[in-house]
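Below is one structure, written out as structure tokens; the observations come after it.
The values are calculated or read from the model by the stated rules, or taken from the named source; none is laboratory data. Note that the structure is predicted; figures quoted are calculated from it, not measured. Note that we place each Cβ from the backbone using ideal geometry, even for glycine, and neighbour counts take in every protein chain shown. Protein only, heavy atoms only, side chains kept; ligands, DNA and RNA dropped before computing areas. Shrake-Rupley method; radii C 1.70, N 1.55, O 1.52, S 1.80 Å.
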Amino acid sequence: GYTIDDMLGHAVVDYIDPAWHDIFSRHFEARKLGVREIYEARLRRNDGGEYWVIASATPMFDTTGQFCGSFAMLTDITQRHQLETFQQEFA
């Protein structure tokens with residue numbers, strides 16, 4: 001629900017559920033060390049709702065070997081997460 005203008009100039013952490021900020025920070029620190037990761041995260045929609053993604057993140061380094069960010073692919077798994085939560089509640 002965000003427009004490109006809404007997102008320009010913002011870091012990905014601005015869209016992560018605040019309860020997940022510490023977890024995200026640990027993943028980001030690992031990427032600075034060169035660790036590639038796949039993990040789940042809860043994000044916020046523009047309307048305040050939440051959705052779940054699997055993030056596949058790869059660190060990026062410049063020609064001098066300095067960390068300059070990461071490339072990540074996010075896959076929406078909200079429906080799967082809702083089904084798993086439902087199954088756990090009634091198991």
- Just one listed residue, out of Thr63, Thr58, is hydroxyl-bearing (Ser, Thr, Tyr) and out of contact with any helix residue (DSSP H, G or I) (no Cβ under 9 Å at 6 or more places or on another chain), and it is Thr63
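Just give me the residues in segment 1-40 being part of a loop (DSSP other than H, G, I, E, B), β-branched (Val, Ile, Thr) and surrounded by 10 or more Cβ atoms within 10 Å (Cβ to Cβ), in sequence order.
Val35, the sole residue that qualifies.
Answer with yes or no whether Thr75 is surrounded by fewer than 14 Cβ atoms within 10 Å (Cβ to Cβ) and part of a loop (DSSP other than H, G, I, E, B).
So Thr75 does not fit the description; no.
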- Query: If you check Gly34 against the conditions, is it modelled with pLDDT of 95 or more and at positive phi?
  - Reply: yes
- Looking at this structure, is Ala57 outside any helix (DSSP H, G or I), open to solvent by less than 80 Å² (accessible area, probe 1.4 Å) and not polar (S, T, N, Q)? yes
- Message: I need the full set of residues from segment 41-50 which are in contact with a strand residue (DSSP E or B) (Cβ under 8 Å, 6 or more places away or on another chain) and either in contact (Cβ under 8 Å) with a residue 40 or more places away in the chain or open to solvent by 60 Å² or more (accessible area, probe 1.4 Å) (or both), in order please.
- Response: Arg44, Arg45, Glu50
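Against the condition out of contact with any Phe, Trp or Tyr (no Cβ under 7 Å at 6 or more places or on another chain), modelled with pLDDT under 95, assigned to a helix (DSSP H, G or I) and open to solvent by less than 100 Å² (accessible area, probe 1.4 Å), how does Arg80 come out, does it pass?
Yes: the conditions hold for Arg80.
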- For Asp62, indicate whether it is open to solvent by 60 Å² or more (accessible area, probe 1.4 Å) and on the phi < 0 side of the Ramachandran plot. yes
